[in-house]
Amino acid sequence: MFKKTMTTIGAGVALAAAGVLASGTAAFAHECFNPNRSEQGNAGASHSQAWLTVHIDELTAGLPEDDAECVLDAYAATGAPTSFTIMVKGAVGQDGTIASNNPHPEKAGDGSGIDEIFAAHGADIVGSFEECGVPMPF
C-alpha cells in the first residue's frame, strides 16, 4: 500500500514537473518516453529505477467527477496514449537528461526514438482540459 501511494505521488510529481518543463524552451528527460515500446516493454521498464509509468487519469485526481469524466473522454477522443513510461533517472553523459543535447528539436514528438510527452501530446492534454473548461492541475 505504501509503495503504491509513493508511486502515485511520484507519478503526479513527475507529470507536474513535465508540465512546468514543457512551458520552457528546453525539454528534459523527466518527460521523455519511448513511443514505440510495447505495453509489455513499458511494464518491464517500469520495474527499473530509471523509468516510471504515469497515467493521464492521474491528472484528474481531485477534480469533480463530471469534470474528470469530461476531460478523460475528450482526451480519449484524441487517440493519444493513456499512459506514458517516462525516464525519471538521468542519462549518463547527457548532463543528466536525454534531450539536453538534441540538435533536432523538431524530432521531439515525431513518434520515433525517444519523444517528449508535451512535444508529442501536449496539445491533446491541454486541449482536453480546455474543451471541458477545466483548469490544468499544474
Criterion violated by GLY93 - all others in (1) assigned to a helix (DSSP H, G or I); (2) farther than 22 Å from PRO137 by Cβ; (3) modelled with pLDDT under 55 satisfied: (1)
Of the residues in region 52-73, those that are among the small types (Gly, Ala, Ser) and buried (at least 18 other Cβ atoms within 10 Å of the Cβ) come to none
Mind listing whichever residues of region 35-51 are within 17 Å of HIS121 (Cβ to Cβ) and either surrounded by 12 or more Cβ atoms within 10 Å (Cβ to Cβ) or over 17 Å from the mean Cα position of the chain (by Cα) (or both)? PRO35, ARG37, ASN42
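Hey, among PHE84, PHE28, which residue is surrounded by 18 or more Cβ atoms within 10 Å (Cβ to Cβ), on the phi < 0 side of the Ramachandran plot and at pLDDT 90 or above?
Working: PHE28 fails: at pLDDT 90 or above.
So the residue among PHE84, PHE28 that is surrounded by 18 or more Cβ atoms within 10 Å (Cβ to Cβ), on the phi < 0 side of the Ramachandran plot and at pLDDT 90 or above is PHE84.
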Can you tell me which residues in region 59-85 are part of a helix (DSSP H, G or I) and among the aromatic types (Phe, Trp, Tyr)? TYR75
So for region 36-58 (the condition being in contact with a helix residue (DSSP H, G or I) (Cβ under 6 Å, 6 or more places away or on another chain), at pLDDT below 55 and outside any helix (DSSP H, G or I)), does at least one residue qualify? no
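The values are calculated or read from the model by the stated rules, or taken from the named source; none is laboratory data. Remember, predicted model here, so these are calculated numbers, not experimental data. Neighbour counts run over all protein chains shown; Cβ positions are idealised from the backbone, glycine included.
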